[in-house]
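Okay, so here's the structure we're looking at.
The values are calculated or read from the model by the stated rules, or taken from the named source; none is laboratory data. Since we're looking at a predicted model, the values are computed, not measured. Ideal geometry is used to build each Cβ from the backbone, glycine not excepted, and the neighbour counts take in all protein chains shown. Each accessible area value is taken on the protein alone, full model and side chains, heavy atoms only, with ligands, DNA and RNA left out. Shrake-Rupley method; radii C 1.70, N 1.55, O 1.52, S 1.80 Å.
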Amino acid sequence: MATDEEQFLQDYTPGEYPPVALAVDLVVFAVTESTLYAAFVRRGGHPFKGAPALPGGFVGADEDALAAARRELEEETGLELGGHRAHIEQLATYSSPQRDPRMRVVSVAHLALLPTDGRALPVLNPGTDSAAAHWLPVYDVLAGEALAFDHGEILTAALERLAGKIEYTLTAARLLPAEFTLYQLRRVYQAVWNTGRLDAGNFTRKMTGALQDTGRKAIGDKGAPAALFTVREEYLSPPMIRPAANS
């Protein structure tokens with residue numbers, strides 16, 4: 001004899017409720033030459049055909065949101081996060097009934113930080129329903145062409161998440177190799193905060209307590225070799241103070 005719950009589930013009719021699709025979108029940040037970039041695709045089909053968009057797509061029936069995020073990113077840009085020592089975290093859930101003109105689509109947005117040496121970005125290769133895939137400067141995108149869906153809102157939220165976290169944590173180091181110089185770290189801060197040159201002496205005083213000197217040196221193209229550091233403490237105390245806008 002079926003239990004009350006088993007009988008309830010047998011009689012349950014999902015079709016009586018409005019359909020809702022689950023999707024993922026990704027904001028993938030990387031830094032080169034003191035500029036913060038994000039990965040974008042150019043949509044190859046409707047809706048918003050031809051518009052720039054964040055990588056993403058629908059969650060499969062046998063996937064969770066994180067697995068779908070990794071799959072969609074690789075399918076649309078060729079980026080495989082596991083091969084880049086990347087950090088990924090959930091950003092927020094976007095559920096406005098009007099965010100997608102096709103149907104009710106709820107998106108779980110993710111923030112990914114891709115480490116680079118600050119000189120070059122990984123090559124992106126478009127696939128599936130994307131007509132192109134590019135790295136674009138984040139602040140230029142926010143000031144320019146409108147993005148598909150609510151991706152401008154998602155991008156703004158991701159930028160604020162990152163800009164706020166690097167005030168009190170060493171999250172900025174996730175955009176660098178495991179060993180890095182203070183100069184490289186300072187350039188990440190300048191890129192994320194979109195600010196002019198941060199005072200090198202003050203930056204060094206703020207950072208060195210949370211860093212571990214490896215005893216190794218980075219050999220650059222010019223100048224004396226610079227010390228290489230790793231993260232020792234995740235949290236900065238006292239925190240870095242973000243410069244005022246346009247400073």
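The translational diffusion coefficient of the chain, from Stokes-Einstein at 10 °C and 1.306 mPa s with a Kirkwood hydrodynamic radius over alpha carbon pairs, comes to 80 µm²/s. Mean residue ellipticity at 222 nm, helices only, the chain: -8000 deg cm²/dmol; runs of at least 4 DSSP H residues each add -39,500 (n - 2.57), and the sum is divided by the number of residues. Across region 155-247, C-alpha contacts under 8 Å between residues 6 or more apart give a mean separation that, scaled by the residue count, equals a relative contact order of 36 percent.
Taking 0.692 mPa s as the viscosity and 37 °C as the temperature, the Stokes-Einstein diffusion coefficient of region 62-204 based on its alpha-carbon Kirkwood radius rounds to 194 µm²/s. Annotation: per residue accessible area for region 152-205 equals 39 Å², rounded to a whole number [probe 1.4 Å, protein chains only]. Counting only DSSP beta bridges with both residues in region 1-121, the antiparallel share comes to about 65 percent. Each Cα pair under 8 Å and six or more residues apart adds its separation to the average, and for the chain the resulting relative contact order is 21 percent. Spin-label model, THR214 to ALA92: label points 7 Å out along the Cα-to-beta-carbon direction sit 3.6 nm apart. One Cα centroid belongs to region 4-54, the other to region 116-182; the line between them spans 18 Å. Note: relative contact order over region 1-139, using C-alpha pairs below 8 Å and six or more positions apart, is 35 percent.
Between ALA132 and SER237, the C-beta separation translates, for a Förster distance of 45 Å, into a calculated FRET efficiency of about 0.55.
To put it simply, the accessible area of the chain at a 1.4 Å probe is 53 percent carbon and sulfur. So if we plug the beta-carbon distance of THR13 and ARG71 into 1/(1 + (r/R0)^6) with R0 = 22 Å, what FRET efficiency do we get, rounded to 0.05? With a Förster radius of 22 Å, E is 0.10. Listed by chain and number, the aspartates and glutamates placed with their C-alpha closer than 20 angstrom to that of LYS217 are ASP117, GLU179; residues fewer than eight positions away on the same chain are left out. Note on ARG85 and TYR139: the extension gain reaches 17.0 nm, defined as 0.36 nm multiplied by sequence separation minus the Cα-Cα distance. The gain in end-to-end length when the ALA146 to ALA51 segment is fully stretched comes to 33.4 nm, 0.36 nm per residue minus the alpha carbon separation. Comparing HIS87, HIS151, HIS46 in a Gaussian network model of the chain where C-alpha atoms under 10 Å apart are linked, the largest mean-square fluctuation is found at HIS46.
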